[in-house]
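None of the figures in this text is laboratory data; all of them are computed from the coordinates on show. All figures in this text were calculated on a predicted structure; none of them were measured in a lab. All Cβ positions, even for glycine, are placed from backbone atoms using ideal geometry, and neighbour counts span all protein chains on display.
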Ligand code: ATP
Ligand code: MG
């Protein structure tokens with residue numbers, strides 16, 4: 001094998017997860033909230049192009065298994081929904097500040113569960129951890145956020161994505177590998 005063959009430079013494994021990825025307007029609105037929280041609480045604000053909601057985290061997967069992940073995604077049917085983000089919360093243990101919903105539409109956990117079950121059936125290992133829908137806005141916060149509500153923000157969700165998480169000195173960078181539509185419920 002020559003020193004410059006692709007196999008020598010391509011990573012054999014990739015860190016991946018399924019997520020909801022906001023459109024430009026929702027990402028901009030969430031990023032504005034993130035900056036406001038960051039101004040109050042310090043820490044590290046998420047960049048606008050990294051804001052997401054994780055549906056299923058797979059961790060390191062061998063490159064040849066990516067096709068199987070795409071097959072799973074293709075097989076999963078879900079309904080479109082509006083996610084109303086109206087809560088700010090924090091996890092003291094890891095000092096994350098997140099946006100969440102007081103009224104999670106049933107279609108969201110239903111999508112995460114279907115995805116989880118199909119991934120499991122296809123031989124992928126997932127953590128048994130309960131699905132806890134949230135959008136991380138700030139990491140390593142040094143102060144707690146003011147408790148509770150934030151002005152409601154409507155995120156129209158019409159697809160889900162498979163994302164590769166790649167690291168460098170600047171932290172994690174995300175690359176969308178594929179996107180699958182949700183059904184519009186026939187209206
Ligand atoms: P970094 O870990 O470099 O600070 P990150 O947490 O954004 O960055 P990843 O660790 O690759 O990047 O995680 C990608 C997404 O998956 C994030 O939304 C993260 O919260 C979520 N995630 C990571 N590990 C798990 C896990 N074990 N279970 C569920 N979700 C996870
Ligand atoms: Mg992480």
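Using Cα-Cα distances under 8 Å and only pairs 6 or more residues apart, what relative contact order does the chain have, in percent? Here the relative contact order equals 31 percent. The slack in the chain from residue 139 to residue 57, taken as 0.36 nm per residue of separation less the alpha-carbon distance, amounts to 27.7 nm. From helices alone, the chain scores -8000 deg cm²/dmol at 222 nm; the rule is -39500 (n - 2.57) for each run of n ≥ 4 DSSP H residues, then divide by the residue total. Binning the alpha carbon pair distances of the chain at 5 angstrom intervals from zero yields the distribution 1, 7, 15, 18, 19, 16, 11, 6, 3, 1, 1, 0, expressed in whole percent. Here region 86-187 is treated as an ellipsoid with the same Cα gyration tensor; its semi-axes, largest first and in whole Å, are 26, 21, 15. Using a simple spin-label model with pseudo-atoms 7 Å out from Cα toward Cβ, residue 126 and residue 71 lie 1.8 nm apart.
Diffusion coefficient (Stokes-Einstein, Kirkwood radius over C-alpha pairs, 20 °C, 1.002 mPa s) for region 80-125: 169 µm²/s, rounded to a whole number.
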